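The values are calculated or read from the model by the stated rules, or taken from the named source; none is laboratory data. Please read all numbers here as calculations on a predicted model, not as lab measurements. When we count neighbours, we look across all protein chains shown, and the Cβ atoms used for this are built from the backbone with ideal geometry, even at glycine. Please note that ligands, DNA and RNA were not included when accessible areas were found on the heavy atoms of the full protein model with its side chains. Shrake-Rupley method; radii C 1.70, N 1.55, O 1.52, S 1.80 Å.
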Amino acid sequence: MIKVSLKQLKILIIEDNSVMRTNIKEMLYLAQGKDITEARNAEIGITAMEQQVFDIVLCDYNLGMGKNGQQLLEEAKYRKLLPCSSIFIMVTAQNTQEIVLGAMENKPDDYITKPFNAQQLLGRLEKLLVRKNYVMNVEKAMDAGKYNLAIQYCDQLLEQNHPAMHTQLLKTRAELAILVGDLDTAEQKYQQILQHRELSWARHGLGVVAFSKNQFERAIEAFQQVIAESPTLMESYDWLARCYEVTQQPELAQEILNTAVALSPQAILRQQKLGALADKSGNLEVAKKAYRTAVDLGKFSVHKSSNDFSSLAKIYNKTNESKHAMKILAEMRTAFQQDPEAELRCALMEAQLYTEQKNPALAAEAIGKIHKQHANIKLMPKDLRLDIVRVLYNAGSTKLAYQLISELINDNVDDDHFLNELRSIYQDGKFHDQAELLIQHTKQELIDINNKAVLLFRQGQVELALNMLSESINKMPGNRTILMNMAIILVQDMKANGVNEKKLAKVQECITKAQSLGVAPNKINQIQVEFAKLSHPQSSH
Amino acid sequence: MGLVSTAEFHAVLASAVHELKNSLSNVNRLIQDLSELYPESNQEKLLLECETNRMNNYLSQLLVLYKIEADAFKPRIDEHIAEDIILDVLAVQEALCSVNKLTLHSSCEENLLCYCDNDLVTNALNTLIQNAQRYAIAHIKISASLQDGYIAFCVEDDGPGLPEKLLHHQPLVKNPTDLKNNNFGLGLYFVSTIAQMHKNSTKTGQLQMDNLSELGGARFSLLIP
């Protein structure tokens, strides 16, 4: 009866119960599964995954102390310890909605409910192995980041028209199209699936495409439809909230995330997002609860963040519970030892609290810590830099505040929304004039650089134009406009004068950096499409 | 309902069912432990497993029905291969049938696509087979095929067949108190509820019962649109 062979496959069992572990192992023996690694908790499981790549991971949801199965999968995916071509099966003991939804958040390949027997487990594995084997080339190319190659393989398989594989392939093809910014193809593939049958994940996909095309009304409609028909598809809540956020409807965004965390409270990123939204719109109780949950979940999550602690402390301060705020800061110090960013966040909060409590000595001590710590951190998030400026300015440390403001203006002079946030910090006339002058000056400088670069490019002086932009990038490392212009000029140049490996790599670098700086996806997509055509001209159909 | 409201009673019931399921999974583990200590009592072990499995299935039915009543429960519809669903059911039922000296047969068209909540359908088919075990003499058959735009999952047996008076009575009880009065029991009510949760444009899933089994007994057809 057992047809599947697990010979040659590397298998990892993560399960805290030793009887169950042995039990599963014996089931795998029946199909010649020999290369088996056992882990009795998540930590050991992660270490094993760092050391080798497994073909199959069987992971219990409930792992006793430490991370649970969902947090393990979250970390494995985030840290790329689990390639697409591997199989991850979540094992659950109970099927309460909360646990099932939690277990599904990070998309395991399958889940199986205890109790199960050998035939059930091996049957599932066989089914998954057949599928993985069928799409092996596609997934291997994806794991290597070669999306255009993956698209080629995918198109070849689609031509075979395999009835049992076709829908899944269309889904993969659509996801690949989104990855390379080819939104029209993605839309067409999802439509193709929906013409045959209304499936929530395909409707969701259409929503994602509409969002990326800035068609927010269409996106909202799609996600609402998904949630009405499949209220357990949690991703759609997150995307709907994003839609509401970009269309300036923060209350609706908060409301939808609140519904989502009630259904599936284990997703830390969603709790963080809800906390931020609720804080912004002044729903402090919702924000408090969300950040508190994020802090607790963070204990065993790869997304643990000192920002959650300091945001929670800030909210306690707003609701006049400064004792609670101090307690959170103490918790934070225990959770993040020797972490400059956490130290800095603590000092910022203390400076604010002690200033309000009219305790100048302790406030000054905290300011001292800020001076000491801020230089230790590279790549500080924008909101943290803004926070430092705010606290230093209020405490009268205007010299360092001004220095930090100059850096912020350099990087964000093209972001009016951010500049307005910055302006809300300083009311002082002299400081204001100084900063405004700097903003005007930097704006003009940016315009000049871009005009000159474009002019040089039009005159055929491509290298000069590129050199000029490179220099400016060194001077304004976080400036998005220069980065995007650099990518555009490189692409135009290669279209006219032929492809060059070094320049291709530079474009990729610009795209990656632009993504990390939060440039709108639709702007990046246009370049990505051109880039794809240049790097794989044969697959541009 | 006396001291507690109906809604509270439902919630109490649901949490009791969860506790029972947890206990049951402990019992299962203990059965494993015991069978290692007493390897000679394999037959008893299988019978015990058979019973715990039956209990587990009943509890799952209760939970699903509770969820349907309590919170606008929606099935999770996706594309599945009918054969995979049947294999999953066979994996559970084959051992149980052999304990009861019954042979379980199966047949399925290849690459037959079924749009359904596979957890629910698997549960429903397990229920139908457990039901059939009570009436079958030696054979039970499970199959899937395409019939007039529906995927028909059929469970048939070689037993005496259904009595005439039940053949024209559908277990489509809207009101669960009917359970007390009819002869279908919780199981068929459950299967028929699951069938009705599957819809495709104008078509709705249904449970059909007749005595047209090729094995000579009763035939239950779960039709998924």
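Below, the figures for the structure above:
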{"read-out": "Members of region B:193-204 that are surrounded by fewer than 23 Cβ atoms within 10 Å (Cβ to Cβ) and small (G, A, S)", "value": "B:S201"}
{"read-out": "Residue within region A:176-197 that is among the polar types (S, T, N, Q), out of contact with any helix residue (DSSP H, G or I) (no Cβ under 7 Å at 6 or more places or on another chain) and within 14 Å of another protein chain (Cβ to nearest Cβ) present", "value": "yes"}
{"read-out": "Failed item in (1) more than 15 Å from the chain's Cα centre (by Cα); (2) under 30 Å from A:I193 (Cα atoms); (3) open to solvent by 40 Å² or more (accessible area, probe 1.4 Å), with B:H80 passing the rest", "value": "(3)"}
{"read-out": "Residue list for region A:416-456, filter: small (G, A, S) and in contact with a Phe, Trp or Tyr (Cβ under 7 Å, 6 or more places away or on another chain)", "value": "A:A435"}
{"read-out": "The listed residue being closer than 26 Å to B:A95 by Cβ, at pLDDT below 90 and open to solvent by less than 70 Å² (accessible area, probe 1.4 Å), out of B:L179, B:L186", "value": "B:L186"}
{"read-out": "Top-ranked residue in region A:349-395 [being on the phi < 0 side of the Ramachandran plot, assigned to a loop (DSSP other than H, G, I, E, B) and among the aliphatic types (A, V, I, L, M); ranked as modelled with the lowest pLDDT]", "value": "A:I377"}
{"read-out": "Yes/no for A:T334 being loosely packed, with under 13 Cβ neighbours inside 10 Å, assigned to a helix (DSSP H, G or I) and modelled with pLDDT of 85 or more", "value": "yes"}
{"read-out": "Among (1) on the phi < 0 side of the Ramachandran plot; (2) within 27 Å of the chain's Cα centre (by Cα); (3) open to solvent by less than 20 Å² (accessible area, probe 1.4 Å) - the single one A:A164 does not satisfy", "value": "(2)"}
{"read-out": "Matching entry among A:L121, A:L179, A:L183, A:L157 (being at pLDDT 95 or above and either of a type outside the set (D, E, K, R) or surrounded by fewer than 21 Cβ atoms within 10 Å (Cβ to Cβ) (or both))", "value": "A:L157"}
{"read-out": "Residue in region A:100-108 that is facing chain B (nearest Cβ under 10 Å) and more than 22 Å from A:G33 (Cβ to Cβ) present", "value": "yes"}
{"read-out": "Search result, residues across region A:123-154 that are more than 14 Å from chain B (Cβ to nearest Cβ) and without any contact (Cβ under 8 Å) to a residue 40 or more places away in the chain", "value": "A:N133, A:V135, A:N137, A:V138, A:A141, A:A144, A:G145, A:K146, A:A150, A:Y153, A:C154"}
{"read-out": "Among residues of region A:344-357, those that are open to solvent by 60 Å² or more (accessible area, probe 1.4 Å) and over 14 Å from A:R390 (Cβ atoms), counted", "value": "1"}
{"read-out": "From the options A:E341, A:E365, residue that is within 29 Å of A:S472 (Cα to Cα), open to solvent by 20 Å² or more (accessible area, probe 1.4 Å), outside the structural domain of A:G518 (by TED's automatic domain parsing) and not polar (S, T, N, Q)", "value": "A:E341"}
{"read-out": "Residue in region B:12-30 that is exposed (fewer than 13 other Cβ atoms within 10 Å of the Cβ), away from chain A (no Cβ under 13 Å) and of a type in the set (S, T, Y) present", "value": "no"}
{"read-out": "Test: A:S236 is part of a helix (DSSP H, G or I), over 30 Å from A:Y354 (Cβ atoms), modelled with pLDDT of 90 or more and outside the structural domain of A:N68 (by TED's automatic domain parsing)", "value": "yes"}
{"read-out": "Failed condition for A:H162, given (1) in a helix (DSSP H, G or I); (2) within 14 Å of another protein chain (Cβ to nearest Cβ); (3) touching a residue at least 24 places away in the same chain (Cβ under 8 Å); (4) not aliphatic (A, V, I, L, M)", "value": "(1)"}
{"read-out": "Considering residues of region B:31-72 that are at the interface with another protein chain (Cβ under 9 Å from one of its Cβ atoms) and within 19 Å of the chain's Cα centre (by Cα) only, the residue farthest from B:A132 (Cα to Cα)", "value": "B:K67"}
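Listed here are the residues, each with its yes/no results for (1) assigned by TED's automatic domain parsing to the domain that holds A:G45; (2) in a helix (DSSP H, G or I); (3) among the acidic types (D, E); (4) surrounded by 22 or more Cβ atoms within 10 Å (Cβ to Cβ).
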position: A:K189; (1), (2), (3), (4): no, yes, no, yes
position: A:F211; (1), (2), (3), (4): no, yes, no, yes
position: A:E217; (1), (2), (3), (4): no, yes, yes, no
position: A:A228; (1), (2), (3), (4): no, yes, no, no
position: A:C243; (1), (2), (3), (4): no, yes, no, yes
position: A:L257; (1), (2), (3), (4): no, yes, no, yes
position: A:A260; (1), (2), (3), (4): no, yes, no, yes
position: A:E285; (1), (2), (3), (4): no, yes, yes, no
